[in-house]
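Quick notes on the structure that follows.
Computed from the coordinates by the stated procedures, all read-outs in this text should not be read as laboratory data. Remember, predicted model here, so these are calculated numbers, not experimental data. Using ideal geometry, Cβ is built from the backbone for each residue, glycine included, and neighbour counts are taken over all protein chains shown.
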Amino acid sequence: MAPTGTQALTLSAEIRARFDEFSRSQKDVGQYIVDHLDEAAFNTAEELARRASTSSSTVVRFAQALGFEGFPELQASARDEYRHGRENGNAPADSPGTGPLFPIDQTEFEAALAADHSNLEETAHHIERDEVAAAVDLISRADRTLLCGTDQMAFFASYLRHLLMLLDLRAEVVASPSQEGLAKLGKLDDKTVLIAFSAGRPHPLVVRAVKLARNRRAATIGIADATLSEVTKLADHKLFYSSGGPAYVRSHTALLGTIQALAYGVYALDESAYADRIKAFKLK
């Protein structure tokens, strides 16, 4: 059985249209399918559940919530959309003419590297130039940049802070709901830029920070691995990165590349001036 009223909609479009109807765990499945259609098309329900950080029963319930009898019917719909996209040239590039990155019988190590290679390509295809330009401009002109990311995202927030500090730009990190972190959030104003980091379901602190920033008229930039993430829905500007892969943790190779490219974009606005700032910063 196909979802009711979806004859003119692809699976991805149906998920987007009905996203707010789903439970929190079902939203995790839905946003992963939208951003990793090929994995939904060819992986098992158990593997898809692992990569979406949920259970296989949730995947099945999600399929039924869409109107399918079960996961096999949802997967058939995903395959139809994926194949139709490839036929129309909308699938991620596979570097035609260069041959596969690794042999078919690739090792686990090679499979992980191949996935990261694919993540970088998918990220490059999804990121919008206008959004990047807006983010670069905001960061370069801000009196203060506040970087909010918890757990593993705290590392990437700290790394972007390091890159901005090299340019002698004021940047601070909020990595937990500590008294110090909340005090930093309390200073948000219209001269601050908030950059929120999210992997999978966003941490409540990160969502709270974006909402507070909007209330204080601070500019907001969301960096997330899900186009349907609550963080990117709330943020003024959004940067998507792909994090799929066979490993037991999300891949952050594309996120690291995005952060470095973002900082370089700021540097490129005035290379000579920023080069002098870097020299001065290193002498401090």
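Quick notes on this one:
- Among ALA219, ALA196, ALA261, residue whose mean-square fluctuation peaks in a GNM of the chain (springs only between Cα atoms under 10 Å): ALA261
- When +1 charges are put on Lys and Arg Cβ atoms and -1 charges on Asp and Glu Cβ atoms, the dipole computed for the range 171-240 relative to its Cα centre reaches about 200 debye.
- Look at LYS187, LYS233 and count the other Cβ atoms within 10 Å of each Cβ; fewest to most, that gives LYS187, LYS233.
- Residue of VAL193, VAL29, VAL60 that the Gaussian network model of the chain assigns the largest fluctuation, springs spanning Cα pairs under 10 Å: VAL60
- A cut-off under 11 angstrom between Cβ atoms defines the neighbours of SER229, and their net charge, with Lys, Arg +1 and Asp, Glu -1, is 0.
- For the chain, the relative contact order comes to 18 percent (Cα pairs under 8 Å, sequence separation of at least 6).
- Relative contact order %, the range 125-282, counting alpha carbon pairs below 8 Å whose residues are six or more apart: 25
- Mean sequence separation of contacting Cα pairs (under 8 Å, at least six apart), scaled by the length of the range 1-91, corresponds to a relative contact order of 33 percent.
- Most to least packed among 275-281, 200-206 [average Cβ atoms within 10 Å]: 200-206, 275-281
- Net charge of the neighbourhood of GLU122, taken over other residues with C-beta under 10 Å away and scored Lys/Arg +1, Asp/Glu -1, is -3.
- By the beta-carbon count within 10 Å of each Cβ, the least crowded to most crowded order of TYR264, TYR32, TYR248, TYR159, fewest first, is TYR248, TYR264, TYR159, TYR32.
- Legend: translational diffusion of the range 1-91 by Stokes-Einstein, Rh = Kirkwood radius over C-alpha pairs, 37 °C, 0.692 mPa s; D = 257 µm²/s.
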